[in-house]
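Student: Here it is, the structure, as structure tokens.
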Amino acid sequence: MSMIDHFLQPEVRPFAIAAVMIGIVGAIEVLSMLIGVSLSELLGKAISVDHNSNSTFVNALCWLNVGGVPLLVFILLALGLFSIAGFLIQDAARLVLAPLPASIAALGAVAAMLPLLRAATREVARLIPQDETYAVSLSDLIGRVGQVVIGPLDQGLPGRVRVKDVHDNWHTVTASAAPDSPPLQKGARVLLVDCRDRLFIAIAATDEIDVVKQVQN
């Protein structure tokens, strides 16, 4: 059986469709950039999830780090991991006895994909700094302790602070030092105390603050 024939078999059809969709979405992104409109930017602003919600569904989205990476990246990762997991499941089943029904294999692929998707989005989030996340609002990061990654922070040009939210997802935000604060050097631990027009205000994080945050978390 050739690779194309294998790709077209009914038992792997859901995973083949997912693989094809990756190519289609990628092509749409390239075409949209050629006309001056980025699909990733449009989708990146299309979702807002409140991590303080009591909804199980919303909390599941937060656990998957929805918003921790651009939405287009999240979709491509989900499709890719689903496709890979599905093909591997069917190949393993074929070696043991026979391929599984497509619906059963798809459920298995989803189960395998979810923890991998969480891990993948967390790693990608480390490589793609963002001014904000769409899984949490900017105000949710106030009171969090972070680290200056581009500094120093002073009352002049803003720098960048890397901070972790309540779901242990990392975000990189724009920040300046508080008016009465001395310059906060790169690598310094800081406390985000306010946010004005998407610009965070930071002060030095003392050992006492760190202890309080650890107790609260």
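Student: Residue check: is Phe87 surrounded by 17 or more Cβ atoms within 10 Å (Cβ to Cβ) and over 18 Å from the mean Cα position of the chain (by Cα)? If you could, list the steps in order and put the result at the bottom.
Tutor: Values: surrounded by 17 or more Cβ atoms within 10 Å (Cβ to Cβ): yes; over 18 Å from the mean Cα position of the chain (by Cα): yes.
Criteria met by Phe87.
Student: Counting only residues that are touching a residue at least 60 places away in the same chain (Cβ under 8 Å) and not in a helix (DSSP H, G or I), which one in region 93-113 is farthest from Leu64 (Cα to Cα)?
Tutor: Checking each candidate, the answer is Pro99.
Student: Moving to a separate point now. How many residues are open to solvent by less than 70 Å² (accessible area, probe 1.4 Å), under 16 Å from Ile142 (Cβ atoms) and either assigned to a strand (DSSP E or B) or among the aromatic types (Phe, Trp, Tyr) (or both) when one looks only at region 173-201?
Tutor: Final tally of qualifying residues: 14.
Student: Considering only residues that are within 19 Å of Ala105 (Cα to Cα) and within 21 Å of the chain's Cα centre (by Cα), look in region 13-32 and name the one that is least open to solvent (accessible area, probe 1.4 Å).
Tutor: Ala18
Student: Restricting to region 138-169, what's the tally of residues that are surrounded by 15 or more Cβ atoms within 10 Å (Cβ to Cβ), more than 14 Å from the chain's Cα centre (by Cα) and modelled with pLDDT under 85?
Tutor: 3
Student: I'd like the full set of residues that are more than 20 Å from Glu29 (Cα to Cα), open to solvent by less than 10 Å² (accessible area, probe 1.4 Å) and outside any loop (DSSP other than H, G, I, E, B), limited to region 61-82.
Tutor: Correct list: Cys62 only.
Student: With respect to Ile104, determine if the residue is at pLDDT 90 or above and either among the acidic types (Asp, Glu) or open to solvent by less than 50 Å² (accessible area, probe 1.4 Å) (or both). Break it down into steps so the answer makes sense when it comes.
Tutor: Numbers: at pLDDT 90 or above: yes; either among the acidic types (Asp, Glu) or open to solvent by less than 50 Å² (accessible area, probe 1.4 Å) (or both): no.
Here the answer is no, as Ile104 does not meet what is asked.
The values are calculated or read from the model by the stated rules, or taken from the named source; none is laboratory data. On a predicted model such as this, the values are computed, not experimentally measured, just so you know. Virtual Cβ from ideal backbone geometry, glycine too; neighbours counted across all protein chains shown. Ligands, DNA and RNA are excluded from the accessible area calculation, which covers all protein heavy atoms including side chains. Shrake-Rupley method; radii C 1.70, N 1.55, O 1.52, S 1.80 Å.
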